[in-house]
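For reference, the structure is listed below as structure tokens.
The values are calculated or read from the model by the stated rules, or taken from the named source; none is laboratory data. What you are looking at is a predicted structure, and each value in this text was computed from that prediction instead of being measured. Virtual Cβ from ideal backbone geometry, glycine too; neighbours counted across all protein chains shown. With ligands, DNA and RNA removed, areas are computed over all heavy atoms of the protein, side chains included. Shrake-Rupley method; radii C 1.70, N 1.55, O 1.52, S 1.80 Å.
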Amino acid sequence: MILIGPFSQIITMGGLPLCGPLKDDALVVIPNGGVLVNKDKIVALGSFNTLRKKHKARLVEITGPACLLPGLIDAHTHICHAGSRANDYALRVAGKTYLEILKQGGGILDSVRKTRAASRKQLCQTLSERATHALRSGVTTCEVKSGYGLTVDDEIKMLEVIKSVHKDHPVDLVPSCLAAHVKPPEFDTHKDYLNFVATSLLPVVVKKKLSRRVDVFVEEGAFSSALSRPYLQRAAAMGFDLIIHADQFSTGGSRLACEVKALSADHLEASTDADIRALAKAGVIATVLPGASLGLGMPFAPARKLLDHGCSVVIASDWNPGSAPMGDLWTQAAVFGAAQKLSTAETFAGMTFRAARALRLHDRGVLWPDMLADMQAFPCKDYREILYHQGQLKPNRVWKKGVLIVGEKEKL
Ligand code: NIG
Ligand code: FE
């Protein structure tokens, strides 16, 4: 057993509702706190001095100011891929749109060509490097999508790469099957391709236990709601949780998410007030992706309205080679929160316990007894310094399952 502390503040994120607005004064903040950890779990939290008197534990002393938070959970990324799309970015900043580039056979299809050509070893290495980068900024759990393979072999290759890096890397990776990302050129129609995925790929994913989540990009130029509906229904019947890339440029996807009882609808930049009401009523988690707005130079998703209507709002990075190349969740969330007028509690919640639920994880996202000791500490006395520095203040210690991974004695 170890006792870690003293921390100037422990921001537990405990006792808060899963949906709707949050005020900062609802945050449970422990001053001069300590955390008692046994193996990978938190045993107790409280006053450092009281814990020290009460328990026989090896002391891990924290010197200097320190604010402790749960490790971040990045619930939406595409970090398993090969190659760069700096060429797309240059075209976009010069005025071409994301969907125009895709229509001309570039964009996502460019990453598909590069990812198909890459070996498993190359993909493992780059995914692992990105997971390490995320860990350094406090991410201890990260969802990762396939979707740059688009054949049975290449999608399985991606999902097996994610599984293997999950095994070897301290960050927990949660795989999602996004074979319905765009139609690959080998198929004439979108319908034929979705049919092929449902009959030839998803059963293999189930059999090999490679993912429990199926995602689809519902958009003009990707897949229509009409075609995605039966595809998602088939996936649900096989036991998959459903996720939709919804309302990024045009509406429709979030309504489908409500209809098929998706776990989350992600993006939502184009969602209308009626879409927002429908999401709240259906209890579909609203995952917003400020990194895509920043990467595309487009408006942010209406997080303030989503929260005020009673949605559970999750903030994820969407880190990918095309629309969201930045991959810095703290920076994105801080800038986004300032634009959308989110309280600090709402922004923190979107990347911790609310994000855990978007991945159906119940053992993390909160610093509380029996939860995993996935934690990050910032070198400041007041938790409000963190967003104030808009991503420039980095955690100087990150623990994964009770082990200090980022810190003085780095394990990376
Ligand atoms: O969430 N919108 C679709 N998919 C990704 C982008 C993937 C890519 O551009 O490579 C997204 O933005
Ligand atoms: Fe995405």
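How many of the residues in region 74-113 are on the phi < 0 side of the Ramachandran plot, outside any helix (DSSP H, G or I) and within 13 Å of ligand 2 (Cβ to nearest atom)?
The number of residues fulfilling the criteria is 8.
Check region 183-191 and report whether any residue there is without any contact (Cβ under 8 Å) to a residue 60 or more places away in the chain, farther than 27 Å from Ala316 by Cα and in contact with a Lys or Arg (Cβ under 7 Å, 6 or more places away or on another chain).
Among the residues of region 183-191, at least one is without any contact (Cβ under 8 Å) to a residue 60 or more places away in the chain, farther than 27 Å from Ala316 by Cα and in contact with a Lys or Arg (Cβ under 7 Å, 6 or more places away or on another chain), which makes the answer yes.
Against the condition within 16 Å of ligand 2 (Cβ to nearest atom), part of a loop (DSSP other than H, G, I, E, B) and closer than 30 Å to Asp40 by Cα, how does Ser211 come out, does it pass?
Values: within 16 Å of ligand 2 (Cβ to nearest atom): yes; part of a loop (DSSP other than H, G, I, E, B): yes; closer than 30 Å to Asp40 by Cα: yes.
Answer is yes for this residue.
For every residue, the table says whether it meets (1) under 22 Å from Arg212 (Cβ atoms); (2) buried (at least 24 other Cβ atoms within 10 Å of the Cβ); (3) modelled with pLDDT of 95 or more; (4) in contact with a Ser or Thr (Cβ under 8 Å, 6 or more places away or on another chain).
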{"site": "Gly252", "(1), (2), (3), (4)": "no, no, yes, yes"}
{"site": "Glu269", "(1), (2), (3), (4)": "no, no, yes, yes"}
{"site": "Gly310", "(1), (2), (3), (4)": "no, no, yes, no"}
{"site": "Ile315", "(1), (2), (3), (4)": "no, yes, yes, yes"}
{"site": "Gly327", "(1), (2), (3), (4)": "no, no, yes, yes"}
{"site": "Ala338", "(1), (2), (3), (4)": "no, no, yes, no"}
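Restricting to region 160-174, and then to whatever is free of Cβ contacts under 8 Å to residues at least 60 places away in the same chain and open to solvent by 30 Å² or more (accessible area, probe 1.4 Å), can you tell me which residue is farthest from Ala237 (Cα to Cα)?
Asp168
Consider Ala349 carefully, then state whether it is surrounded by 24 or more Cβ atoms within 10 Å (Cβ to Cβ) and either closer than 15 Å to Glu143 by Cβ or assigned by TED's automatic domain parsing to the domain that holds Gly15 (or both).
It is false that Ala349 is surrounded by 24 or more Cβ atoms within 10 Å (Cβ to Cβ) and either closer than 15 Å to Glu143 by Cβ or assigned by TED's automatic domain parsing to the domain that holds Gly15 (or both).
Okay, residues lined up against (1) within 16 Å of ligand 1 (Cβ to nearest atom); (2) of a type outside the set (A, V, I, L, M, F, W, C):
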residue: Ala274; (1), (2): no, no
residue: Arg277; (1), (2): no, yes
residue: Ala282; (1), (2): no, no
residue: Ala286; (1), (2): yes, no
residue: Ser317; (1), (2): yes, yes
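Whether any residue in region 36-48 is surrounded by 15 or more Cβ atoms within 10 Å (Cβ to Cβ) and either assigned by TED's automatic domain parsing to the domain that holds Ser312 or closer than 20 Å to Tyr388 by Cα (or both) is what I want to check.
no
I need the helices (runs of 4 or more DSSP H) fully contained in region 220-329, keeping only those with at least 3 residues that are within 12 Å of ligand 2 (Cβ to nearest atom).
Ranges flagged: 290-296.
When region 110-123 is examined, which residues are found to be open to solvent by 30 Å² or more (accessible area, probe 1.4 Å), farther than 30 Å from Lys394 by Cβ and touching a residue at least 40 places away in the same chain (Cβ under 8 Å)?
Arg120
In the set Ser84, Ser111, which member is over 18 Å from Pro184 (Cβ atoms) and modelled with pLDDT of 95 or more?
Ser84
Among the numbered conditions (1) surrounded by 21 or more Cβ atoms within 10 Å (Cβ to Cβ); (2) without any contact (Cβ under 8 Å) to a residue 24 or more places away in the chain, tell me where Gly407 comes up short.
Condition not satisfied by Gly407: (1).
Output yes when any residue across region 360-380 is part of a helix (DSSP H, G or I), among the small types (Gly, Ala, Ser) and either open to solvent by less than 10 Å² (accessible area, probe 1.4 Å) or on the phi < 0 side of the Ramachandran plot (or both), and no when none is.
no
Does at least one position in region 124-144 carry a residue that is assigned to a loop (DSSP other than H, G, I, E, B) and either free of Cβ contacts under 8 Å to residues at least 24 places away in the same chain or within 16 Å of ligand 2 (Cβ to nearest atom) (or both)?
No, region 124-144 contains no residue that is assigned to a loop (DSSP other than H, G, I, E, B) and either free of Cβ contacts under 8 Å to residues at least 24 places away in the same chain or within 16 Å of ligand 2 (Cβ to nearest atom) (or both).
For region 4-16, indicate whether the set of residues that are surrounded by fewer than 15 Cβ atoms within 10 Å (Cβ to Cβ), at pLDDT 95 or above and farther than 15 Å from Arg364 by Cα is non-empty.
No - not one qualifying residue is present in region 4-16.
Out of (1) more than 16 Å from ligand 1 (Cβ to nearest atom); (2) without any contact (Cβ under 8 Å) to a residue 12 or more places away in the chain, the odd one out for Lys157 is which?
Lys157 satisfies every listed condition except (2).
Matching residues to (1) more than 25 Å from Ser323 (Cα to Cα); (2) open to solvent by less than 10 Å² (accessible area, probe 1.4 Å); (3) at pLDDT 95 or above; (4) among the aromatic types (Phe, Trp, Tyr):
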position	(1), (2), (3), (4)
Lys191	yes, no, yes, no
Lys207	yes, no, yes, no
Val214	no, yes, yes, no
Phe223	no, yes, yes, yes
Arg234	yes, no, yes, no
Gly239	yes, no, yes, no
Ala265	no, yes, yes, no
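Return the residues of region 71-102 that are more than 23 Å from the chain's Cα centre (by Cα), of a type in the set (Lys, Arg) and within 13 Å of ligand 1 (Cβ to nearest atom); say none if nothing qualifies.
Within region 71-102, just Arg92 meets the criteria.
Quick check on Ser323: is it surrounded by fewer than 24 Cβ atoms within 10 Å (Cβ to Cβ), under 18 Å from the mean Cα position of the chain (by Cα) and either within 16 Å of ligand 1 (Cβ to nearest atom) or touching a residue at least 12 places away in the same chain (Cβ under 8 Å) (or both)?
no
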